[in-house]
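Worksheet: one structure, shown below.
The values are calculated or read from the model by the stated rules, or taken from the named source; none is laboratory data. Everything numeric in this text was worked out from a predicted model, so none of it was measured. Here Cβ is always computed from backbone atoms with ideal geometry, including for glycine, and neighbour counts include all displayed protein chains.
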Amino acid sequence: MNLREVVRQRKLLLQSGVLEKLSSLQPAQALEILLEAEKKAEESKQVVITLDTIDFVLSEKNQGKKASQAPVEVEKAAVTPQEMQAASDAASGFVHSLKIPPFKKFDCDGTVEDFVSHFRNRFAKLSTMLKNRVSASNGVTSIEQAKSSIERRKSRIIGMVGNKSITKKGNLRFEIEDDTGVMTCVAQQNKPAMEKAQELWLDDVVGVDGAYSQGLFLVENIVWPEIPMRQKRLAQIAEDVSIAFLSDLHVGSKYFLEDRFEKALGFLNGAGSEEENGIAKTIRYVIIAGDVVDGIGVYPSQEKQLVTKNVFEQYSLLGQYLKKIPRHMQVVICPGNHDAVRDAEPQPPLPSEFVQEFSQDNIHFIPNPCMLEIHGLKIMVYHGTSFDALVSNSQKLGDAFDHPEKVAVEMLRRRHLCPTYGEKPIVPSPEDGMVIEDIPDIFHFGHVHKNASFDYNGTVIINSGAWQGETDYQKSMGRKPSPCLMPVYNLRTGVLKILDFNEESEGQKRAKT
């Protein structure tokens, strides 16, 4: 939410001092005030947005307004199965096991030193992972040592990828760099290494097997940090405990499917069939992977797509929905690119000024990304904003908007959520917070509004789709969302069920194994 960029795009004329005044506010609030002031100026036929107009809008906002989009009450039985479950939990001594790590601050001054420290940290983390893997016959060596080694002696070098290109002979040339130097590598066409070389992304950290000869490293194989192949881990617990996964609610959008979301809330409260209630009573956790509101000023002319055009009211409305989730369920929420936080990742948790109305002991706000631990299982929660940039990097991901799990697999292979710097805003902090350091048992993300699941090397990948209908942009791009599907994962059995809240009949079976 860069104010100067908004002013430039909308061609606004501001009185001296307006930007400075707005800059003293929270970014989302400043943008909201600016857009409202623009409307006031148009109504009064002002050419320039003045300080008086800003002060008037601020005064109006401070008086407070009621939300323009009120949720329908979720009907409950006198005593729901979920209320009975809460009482049963208390009687049996069931204890939630949710561990949220301490929040790290990922900030920087934007200096050259910040970028250098950032990439050195990434290289150190990922190269250590590569060194722990089975290596070439003569072990890992530095680039400096490889250049001084015996002609055509086989070795493995580890470095960060740059300057990838195709030669006149059809070979693939790329550079890798470590802290001792830069090596030019060549993967020859019609050789096995060529296919892997084509999968390289800029800024990947990889191990390259081959031999140094006449100033070039002739590539025989390429390896990524990769998560190791292992059996799927299950929670060592005596009873069925499940997580319900949600993302991309987009509350405030005219495409928000509130009636179906209310149906889902009813399900969580036990207002379903006997079979549905059997699933609902196992749910102790709800994890929401960002874009909980539609926001304002996220893209040009967004206000035309909004029902609720005040971001504070959007969050207030969200809170009314979330308070309908039974209190014995722990709710965990990370932000996304539509939420009122900075665009650059890693993103901090949602600011208190937006969520204080519905802060309660069972609702937890986490950064994006974040690695949770629930009953001993590690759960990576990431909104997934880097998805678009990663798809543009690879021909093999051409159908990824229909199969988003493929992008998650590439993230796990590279042990990084956004490998190529510059494609998506990343904070160049001294520590790279986008490295996947621990191996997740579950990787939950959203962003693309397409429900999907996949088991990769023992990690369960889940994209929870969306609760927003097909937008004009999606129609223009030919992308078909899969809204209102709720994945529910049983931590004890490892069974994933997808609950469909699109069906018209309450009596229809929603559970799909």
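Figures for the structure shown
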item	result
Answer from 297, 319 - the residue that is outside any strand (DSSP E or B), touching a Ser or Thr at 6+ places or on another chain (Cβ under 9 Å) and either under 30 Å from residue 39 (Cα atoms) or not assigned by TED's automatic domain parsing to the domain that holds residue 485 (or both)	319
Lone qualifier among 210, 215 - being over 27 Å from residue 385 (Cα atoms), touching an Asp or Glu at 6+ places or on another chain (Cβ under 6 Å) and among the small types (Gly, Ala, Ser)	210
Counted residues, the range 360-398 - those being touching a strand residue (DSSP E or B) at 6+ places or on another chain (Cβ under 8 Å) and farther than 21 Å from residue 436 by Cα	3
Evaluation of residue 386 against (1) modelled with pLDDT of 95 or more; (2) crowded, with 24+ Cβ neighbours inside 10 Å (one fails), failing number	(1)
Scope the range 432-467; condition charged (D, E, K, R) and under 21 Å from residue 206 (Cβ atoms); matching residues	432, 437, 438
Considering residues of the range 453-475 that are out of contact with any Asp or Glu (no Cβ under 9 Å at 6 or more places or on another chain) and among the hydroxyl-bearing types (Ser, Thr, Tyr) only, the residue modelled with the lowest pLDDT	473
Any chance residue 339 is in contact (Cβ under 8 Å) with a residue 12 or more places away in the chain, closer than 24 Å to residue 106 by Cα, in a loop (DSSP other than H, G, I, E, B) and not assigned by TED's automatic domain parsing to the domain that holds residue 207	yes
Set 252, 170, 139: member being on the phi > 0 side of the Ramachandran plot and in the same structural domain as residue 302 (by TED's automatic domain parsing)	252
Residues (closer than 30 Å to residue 111 by Cα and crowded, with 24+ Cβ neighbours inside 10 Å) located in the range 437-452	none
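For (1) outside any loop (DSSP other than H, G, I, E, B); (2) of a type in the set (A, V, I, L, M); (3) modelled with pLDDT of 95 or more, each residue gets a yes or a no:
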| site | (1), (2), (3) |
| --- | --- |
| 190 | no, no, no |
| 193 | yes, yes, no |
| 234 | no, yes, yes |
| 249 | no, yes, yes |
| 261 | yes, no, yes |
| 285 | yes, no, yes |
| 288 | yes, yes, yes |
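Conditions tested, residue by residue: (1) at pLDDT 95 or above; (2) within 30 Å of residue 35 (Cα to Cα); (3) touching a Ser or Thr at 6+ places or on another chain (Cβ under 7 Å).
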site	(1), (2), (3)
335	yes, yes, no
349	yes, yes, no
353	no, yes, no
399	no, no, no
421	no, no, no
